[in-house]
Amino acid sequence: MKIRSVKMREAHTQKNGRVSFCSVVWDQKAEHLVTASSSDASLSIHNPLLPSAAPKILRHHRDGVTALALSPNSTCLASGSVDHSVKLYKFPGGEFETNITRFTLPIRSLAFNKKGSMLAAAGDDEGIKLINTVDGSIARVLKGHKGPVTGVAFDPNGEYLASLDSNGTVIIWELHSGRSLHNLKGIAPDTGLDFSTMNVLCWSPDGETLAVPGLRNDVVMYDRDTAEKLFTLRGDHNQPICFLCWSPNGKYMATSGLDKQILIWDVDRKQDIDRQKFDERVCCMHWKPIGNALAVIDVKGKYGLWDNVIPSSMKSPTEDIPLQGKNNNGLLLFDEEDQDNSVSGSLSDLGENSNGEFEPPTSRKRLRKHSLSEENLDEYEEEGIDLYPKVESHKKKNRSVKENLDNGNVVFTSPMVTSKTKMQEAFQSGATPVQPGKKRFLCYNMLGSITTLDHDGYSHIEIDFHDTGSSPRVPSMTDHFGFTMAALNENGSVFANPCKGEKNMSTLMYRPFSTWASNSEWSMRLEGEEVKAVALGASWVAAVTSFNYLRIFTEGGMQRHVISLDGPVVTASGFKDNLALVTHASDCLSSNDQVLEFRLFNIPQGTQSLRGRLPITPGSSLCWFGFSEEGQLCSYDSQGVLRLYTSQFGGSWFPVFSAIKEKKSDENYWMVGLNSNKLVCVVCKKPESFPQVMPKPILTLKDLSFPLATSDLGSEALENEFMMNNMHLFEIQKKMEEMENAGLDVSLLDDDAFNLEAAQDRCILRLIASCCNSDKLVRATELVKLLSLEKSMKGAIKLVTTLKLPNLAEKFNSILEERLLREDKKTTETSLKENSSAPITSDSLPSGSKTSMPTETSKAHTVFSSKLSAPSFIKKNKTQDSITDGMSKTAMANESANVEQTGGGETSDKKGKEKMQAPQSHGTFIKSDPSLATAKRPSNPFLKASIK
């Protein structure tokens, strides 16, 4: 066999002549070659067409670069280093993008999946991080190795990840569930602490075979599904293999050994077809994606190109490259959409379809399985050497299923067939996703915002308030924990991060804004327990964890309560004494709808105020959950529906806003908060669904509106106003009732309720006018019964009289008389009860008073009846004038005349004087007489009936 020499060029200088692990990788179009060395902190991008030209140098690491990976579309370059960091660059420009993650020890291996949406990173800390390259989030950490992980490789079909450590143990992981399917101990050489040689492994391009360096200076092939040994490649290597790689079409393999030679193998024939001797050990190789060449680099940092690796008489290494997603029969295992979903997008999708149910036969076993290299298997058996543990087939049941399939006897219930929807992951309201190299919001609410920007291994956090005049100025802080969630209120802020580090710790930290004591900031560590959501209240801090624990801390850091929840948390929010949680009540329904439950706790009292199902739009997910400025619970889902919790109907959620009816086709609304009648949001132009920190988001106010049907009156705005007023009035009256029962002052709420009743009456009068104009007289009659004030009812009578509807005016008048009689009867019953509680005997009266007592009682009763709603009108005289357009003066004059007529005997002049003084004397009379307290302000009978 003719021996040819490969010209080597120096790419990285080794200090003191030491050997180092060096890396080399081609881009997709074979236009660039990237090299790195564990003794050099820089990366070099070479032009293979101009080898004499100076390479582009990237200097961003602080120590040697130990791993390289290029995304399949060659737009993103990843590098891992002894400095514990993984960095991303734009390619081929080389612009630095971000630090995507950090480890506690040096990085040893990196790998992108076939779609470039996942990056696996591993190193000396024995864990493997699966990172979402879209937002930089860590989807999962795989633990199982007992030594430094030196090799990771994604299965081209997107189902498995294979990893190899320095002890020679191979683990095959299932990506969907994160489970370890096969653990093959000691099947590869033990490289110890020599990191100039690292164990590697590699999947065949069709994803059927996993190649691992063997213990006999050979390469051992394992089946993708069962991990059973298929065959070996044994040739002229006289020392262990330190690197191997498949050709693009999977027909050939290149292996490099500690014996300083490279062998080229014809895999189907299982024999070497060429070899090359080198002066130093070759530690990394990469087949040229286009053409017949192999890039190599040795432990001294010199690289070269081996051209025409495969003889021209044989098939080119880039000919007939296999397609992923097909089995040997050419049948698609997934349709195009499913295939994309299985390997692309966010890593948060990992974990789907891992419920342990039967999976359809995804095994790519070839028909030649039973005839593969029997001579190799017999060879090991004859020598009596058991180098490869016998592994029970992970999917042997697929064989029997396949046989049944041929007979038509199997009905699948697999997730691959039903495509079961995953339960929504936990989120923090007001937070935006991670964007590499950009600031993002950890929290954004009606009070202010918390932003973070990732730097080299740490983050910079800033807290800003919308009202800078009245809010404290909070200095920025350096975050060494990598916080991913936060909550903010007037008193302080709380931060938390996911599990990280060797001990898999999650950190919770509270930072008060002002305190009388020094060192008031505190933090808690949770080992193996990850914080999923945080919330703040008036004097407490809450964290919900992956163990479904609700942990309550005082403002000073004392651990107060630990409560077990009955479902995984979705989100949490705090308001004064109240903490609201949303959890999963069960798995998703067959209709793919989320099943969520909300709970409301009063933390100081240690009570649960509310609990029930949280309604969301079918097919949607929860996007925001919290409290209005008035303290009402509210939720916002991905379909743009805002719901408000009200006590009406035993506790119900009212839909008070729908983005579908409101928004333009090119807009998305990002929820911030709401007050009594306005939704506060940030309008984002599609396709953006959340705002950037810069430029500063602009808050937009949107009117709340029920999703009403199109009315035959054409007065949807008035009907919406009526329903809104009714909902708010009910809540105010409910709160007043609770405060009165607790013995608290309700005067402020009483004023609010009166103003709202007056506004509601004006709205009803306009609706009555619309009904009369549309000849909906029955509806007008229903509306007049809902008026709260007597003068509003008189105004309605005047209105229909003006519209020349005498029958309706008569109907309204009879309704008014019935109400006056009911109020009169109620007042009489109240007076009798008061008199019976303090009886006065005739013997205790003066002689002249015995005969006059009934007359006085009758007179007083007559005076009050004629002034049924007077306290309300006097209290808010200007408001009533605006309702009835000046009718108040006429009504007051008529009532004064009636008072004079009811006077009799020796007291008539006195009564007349009292009534002529009008507002002040009558208001004083009402307040001083406890027997008339119930008539202080007439309330809406419709609302009272609802409360009962």
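The values are calculated or read from the model by the stated rules, or taken from the named source; none is laboratory data. All values derive from a computational prediction rather than experimental measurement. Quick reminder, even Gly has a Cβ in these numbers, built from the backbone with ideal geometry, and neighbours come from all protein chains shown. Side chains included, ligands, DNA and RNA excluded: accessible areas come from the protein's heavy atoms. Shrake-Rupley method; radii C 1.70, N 1.55, O 1.52, S 1.80 Å.
Of the residues making up region 445-501, those that are modelled with pLDDT of 90 or more and small (Gly, Ala, Ser) number 7. Condition check for Ile552 on (1) open to solvent by 10 Å² or more (accessible area, probe 1.4 Å); (2) under 23 Å from the mean Cα position of the chain (by Cα): one failure, at (1). Find the residue count for region 661-716, including only residues that are open to solvent by less than 70 Å² (accessible area, probe 1.4 Å) and part of a strand (DSSP E or B). So the answer is 17.
Residues are listed down the side, and each one gets a yes or a no for (1) within 25 Å of Ser20 (Cα to Cα); (2) basic (Lys, Arg); (3) in a strand (DSSP E or B):
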site	(1), (2), (3)
Ser163	yes, no, yes
Ile171	no, no, yes
Gly235	no, no, no
Met253	yes, no, yes
Leu263	yes, no, yes
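Residue by residue, here is whether (1) assigned to a loop (DSSP other than H, G, I, E, B); (2) modelled with pLDDT of 90 or more; (3) under 21 Å from Ala293 (Cα atoms); (4) not charged (D, E, K, R) holds:
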site	(1), (2), (3), (4)
Val212	no, yes, no, yes
Met221	no, yes, no, yes
Thr226	yes, yes, no, yes
Cys242	no, yes, yes, yes
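Filtering Phe441, Phe427 for residues that are in contact with a strand residue (DSSP E or B) (Cβ under 7 Å, 6 or more places away or on another chain), at pLDDT 50 or above, outside any loop (DSSP other than H, G, I, E, B) and within 27 Å of Leu674 (Cα to Cα) leaves a single hit, Phe441. The residues in region 120-140 that are under 17 Å from Ile172 (Cβ atoms), open to solvent by less than 20 Å² (accessible area, probe 1.4 Å) and of a type outside the set (A, V, I, L, M) can be counted, and the count is 1. Scanning region 524-541 for residues that are over 14 Å from Met509 (Cβ atoms), touching a residue at least 40 places away in the same chain (Cβ under 8 Å) and outside any loop (DSSP other than H, G, I, E, B) turns up Lys532, Ala533, Ala535, Trp540. One residue alone among Ser609, Ser628, Ser621 is of a type in the set (Ser, Thr, Tyr) and either modelled with pLDDT of 95 or more or more than 20 Å from Ala535 (Cα to Cα) (or both), and that residue is Ser621. If you go through region 232-247 and keep only what is in contact (Cβ under 8 Å) with a residue 60 or more places away in the chain and touching a Pro at 6+ places or on another chain (Cβ under 6 Å), you end up with just Ser247.
Pick out the one residue from Ser37, Ser81 that is touching a residue at least 40 places away in the same chain (Cβ under 8 Å), touching an Asp or Glu at 6+ places or on another chain (Cβ under 7 Å) and surrounded by 15 or more Cβ atoms within 10 Å (Cβ to Cβ). Full working, then the answer.
On the way: Ser37 fails: touching an Asp or Glu at 6+ places or on another chain (Cβ under 7 Å).
Only one candidate passes the filter, namely Ser81.
Among residues of region 789-836 being open to solvent by 90 Å² or more (accessible area, probe 1.4 Å) and of a type in the set (A, V, I, L, M), the one that is modelled with the highest pLDDT is Leu821.
Considering every residue within region 768-780, establish whether at least one is of a type in the set (Ser, Thr, Tyr) and open to solvent by less than 40 Å² (accessible area, probe 1.4 Å).
Start the filter on region 768-780 by keeping residues that are of a type in the set (Ser, Thr, Tyr), which leaves 770, 774.
Now narrow it down to the ones that are open to solvent by less than 40 Å² (accessible area, probe 1.4 Å): 770.
Yes, region 768-780 has at least one match.
Annotation: Gly714 fulfils all but one of (1) in contact (Cβ under 8 Å) with a residue 40 or more places away in the chain; (2) closer than 29 Å to Leu579 by Cβ; the unmet one is (2).
When residues in region 646-660 are screened for being modelled with pLDDT of 90 or more, crowded, with 16+ Cβ neighbours inside 10 Å and of a type in the set (A, V, I, L, M, F, W, C), 4 of them pass.
Determine which member of the set Thr583, Thr571 is of a type in the set (Val, Ile, Thr), at pLDDT 95 or above and farther than 28 Å from Ser520 by Cβ.
Numbers: Thr571 fails: farther than 28 Å from Ser520 by Cβ.
The unique qualifying residue is Thr583.
For region 561-578, filtering for residues that are surrounded by 24 or more Cβ atoms within 10 Å (Cβ to Cβ) and either in contact with a helix residue (DSSP H, G or I) (Cβ under 9 Å, 6 or more places away or on another chain) or of a type in the set (A, V, I, L, M) (or both) leaves 2.
Can you tell which of Gly151, Gly158, Gly147, Gly168 is open to solvent by less than 30 Å² (accessible area, probe 1.4 Å), in contact with a helix residue (DSSP H, G or I) (Cβ under 9 Å, 6 or more places away or on another chain) and of a type outside the set (Ser, Thr, Tyr)? Let's see the steps before the verdict.
Numbers: Gly151 fails: in contact with a helix residue (DSSP H, G or I) (Cβ under 9 Å, 6 or more places away or on another chain); Gly147 fails: in contact with a helix residue (DSSP H, G or I) (Cβ under 9 Å, 6 or more places away or on another chain); Gly168 fails: in contact with a helix residue (DSSP H, G or I) (Cβ under 9 Å, 6 or more places away or on another chain).
The unique qualifying residue is Gly158.
Scanning region 13-27 for residues that are part of a loop (DSSP other than H, G, I, E, B) and either among the acidic types (Asp, Glu) or surrounded by 24 or more Cβ atoms within 10 Å (Cβ to Cβ) (or both) returns Phe21, Asp27.
Residues of region 604-647 being basic (Lys, Arg) and closer than 27 Å to Asn725 by Cβ, which ones? Reasoning before the result, please.
Within region 604-647, the first condition is being basic (Lys, Arg), and the residues that meet it are 611, 613, 643.
Arg643 - this is the single residue of region 604-647 that is basic (Lys, Arg) and closer than 27 Å to Asn725 by Cβ.
Among the residues of region 590-645, those identified as open to solvent by less than 20 Å² (accessible area, probe 1.4 Å) and in a loop (DSSP other than H, G, I, E, B) are Val595, Ser620, Ser628, Gly640. Taking the criterion of being open to solvent by 10 Å² or more (accessible area, probe 1.4 Å) and farther than 30 Å from Lys300 by Cβ, the residues of region 183-196 that qualify are Asn183, Lys185, Gly186. Contact map, region 198-223: residues that are on the phi > 0 side of the Ramachandran plot and in contact (Cβ under 8 Å) with a residue 24 or more places away in the chain paired with residues that are part of a strand (DSSP E or B) and among the small types (Gly, Ala, Ser), Cβ distance under 8 Å, separation 6+ or inter-chain. Pairs shown: Asn217/Gly257.
Considering (1) within 17 Å of Pro205 (Cα to Cα); (2) surrounded by fewer than 19 Cβ atoms within 10 Å (Cβ to Cβ), the lone condition that Arg179 does not fulfil carries the number (1).
Is it true that Ala759 is among the aliphatic types (A, V, I, L, M), over 30 Å from Ile450 (Cα atoms), within 41 Å of the chain's Cα centre (by Cα) and open to solvent by 50 Å² or more (accessible area, probe 1.4 Å)? Show your work before the answer.
Numbers: among the aliphatic types (A, V, I, L, M): yes; over 30 Å from Ile450 (Cα atoms): yes; within 41 Å of the chain's Cα centre (by Cα): yes; open to solvent by 50 Å² or more (accessible area, probe 1.4 Å): no.
So Ala759 fails the test.
Looking at Ser449, Ser459, Ser476, Ser429, just one residue is exposed (fewer than 15 other Cβ atoms within 10 Å of the Cβ) and among the polar types (S, T, N, Q), and that residue is Ser476. Of the residues making up region 695-737, just one is in contact with a Cys (Cβ under 6 Å, 6 or more places away or on another chain) and farther than 23 Å from Val778 by Cα, namely Thr700.
Any residue in region 488-496 that is among the acidic types (Asp, Glu), surrounded by fewer than 16 Cβ atoms within 10 Å (Cβ to Cβ) and touching a residue at least 60 places away in the same chain (Cβ under 8 Å)?
Restricting attention to region 488-496, the residues satisfying the condition of being among the acidic types (Asp, Glu) are 490.
Remaining after also requiring surrounded by fewer than 16 Cβ atoms within 10 Å (Cβ to Cβ): 490.
Among the residues that remain, those that are also touching a residue at least 60 places away in the same chain (Cβ under 8 Å) are: none.
The answer is no; no qualifying residue exists.
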